[in-house]
Amino acid sequence: MQNFRLTIAALCALLWTSVAMADPHSLKASRFNDILYVSVRDIAAYYELGANQAGGPDRASYRGASAQLIAEHDCRDVTLNGVTHWLSAPVLEIRGQLWIASLDVLKVIDPVFRQGRQPGKTPVHTIVLDPGHGGGDRGTRGEVGREKELTLDLARRVQKLLVAAGLKVISTRTADDTVSLDDRVAITERRHADLFVSLHFNSGGSAHGIETYCVPPAGAVSTANPFRRFFGGGDDKCKGNRFDEKNVWLAHCVQRQLLNTTGANDRGIRRARYVVIRDAACPAILVESGFLSNPIEEQRLLSAEYRDRLAKGIADGILDYRKTVE
């Protein structure tokens, strides 16, 4: 094990990361198994989160005036301001302290606590909504519901709300058409979109709840990869990594509002290199709004009133994001 005294700026240079905060403190990063980690105690001090309210070395719970962090040993997810976020590597417990990988501090925690802010304003005028599947690609299906039909219906509901808020909205499909993944990406670039939001419904046995995806940081594996492989493995930097901080903040805003409007189970903000978000020329997320494979959840998803609540959550999340970056 080696210890390093690194400022946030130095870590940023190492890990392709965001701009340092206005009043930076030094953070001590320690190397365990060739990965740099920062203690949760130091993270809490840096963001002025106060004292640990959880007893014992295996769990930490901090709550400041405007931010909250909950972490647990050997878990690959943390809670940030009430929303679950999946990390690149599990939380460690060493020397009586919890540790989070430096990459996750800079690519997950910092963007959320700084609300995606970077120097200068980023206008948001044009949104591309991407109803998943369509045509010959029906997506998943439940006992009654078909994903390709429900995503198109949801996109129309979201579009109505965003247009009413003064945004320009473009849909990658407006009917039951087959649209390739590359064409969906091309539409985003051709129309100079400011945000891309892909809409889907999930499948996975009795699982239930909502999850939102953005691309992993360069070099980190997707959420679905086994814990034994955290970094590397041929996962190269992709086009979407230009927007890492904004991707995770957009995902946070949308996931938070979806949970507020629906009361659904929080399956967290996850990471994957899906083509439509991997190659997008703007901040991009993919929303899985519920599980058609779960009969109880499918019944909710078949309700027009519930899909209105889903649409409101997605639209409100986009508008929350817009307020902070503009």
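The values are calculated or read from the model by the stated rules, or taken from the named source; none is laboratory data. Please read all numbers here as calculations on a predicted model, not as lab measurements. With ideal geometry, Cβ positions are generated from the backbone for all residues, glycine too; neighbour counts draw on all protein chains shown.
State yes or no: is P111 modelled with pLDDT under 95 and within 21 Å of D320 (Cβ to Cβ)? Considered against the rule, which asks whether it is modelled with pLDDT under 95 and within 21 Å of D320 (Cβ to Cβ), P111 comes out as yes. Between E149, E72, the distinction of being more than 23 Å from K246 (Cβ to Cβ) and within 21 Å of the chain's Cα centre (by Cα) belongs to E72 only.
Selection of region 114-156 for residues being in a loop (DSSP other than H, G, I, E, B), within 21 Å of K312 (Cα to Cα) and not small (G, A, S) yields Q115, V124, H125.
Okay, residues lined up against (1) under 28 Å from A264 (Cβ atoms); (2) touching a Pro at 6+ places or on another chain (Cβ under 6 Å):
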| position | (1), (2) |
| --- | --- |
| L92 | no, no |
| K107 | yes, yes |
| G120 | no, no |
| D137 | yes, no |
| D153 | yes, no |
| D177 | no, no |
| D183 | no, no |
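Just for region 175-184: of the residues that are in a loop (DSSP other than H, G, I, E, B) and touching a residue at least 12 places away in the same chain (Cβ under 8 Å), which one is surrounded by the most Cβ atoms within 10 Å (Cβ to Cβ)?
Taking the candidates together, the pick is V179.
Out of G120, G166, G134, report the one residue that is in the same structural domain as R270 (by TED's automatic domain parsing), on the phi > 0 side of the Ramachandran plot and free of Cβ contacts under 8 Å to residues at least 24 places away in the same chain.
None of the other options fit; the residue is G166.
Within region 142-172, can you find the residues that are over 26 Å from E297 (Cα atoms), among the aliphatic types (A, V, I, L, M) and surrounded by fewer than 20 Cβ atoms within 10 Å (Cβ to Cβ)? V163, A164, A165, L167, I170 - these are the residues of region 142-172 that are over 26 Å from E297 (Cα atoms), among the aliphatic types (A, V, I, L, M) and surrounded by fewer than 20 Cβ atoms within 10 Å (Cβ to Cβ). In this entry, L195 is excluded by the filter for residues that are without any contact (Cβ under 8 Å) to a residue 24 or more places away in the chain and of a type outside the set (F, W, Y). When the test is whether a residue is of a type in the set (F, W, Y), over 18 Å from T188 (Cα atoms) and in contact (Cβ under 8 Å) with a residue 60 or more places away in the chain, Y306 does not pass it. Would you confirm whether or not region 100-113 contains a residue that is farther than 30 Å from T174 by Cα and part of a strand (DSSP E or B)? Looking for residues that are farther than 30 Å from T174 by Cα and part of a strand (DSSP E or B), one finds at least one in region 100-113, hence yes.
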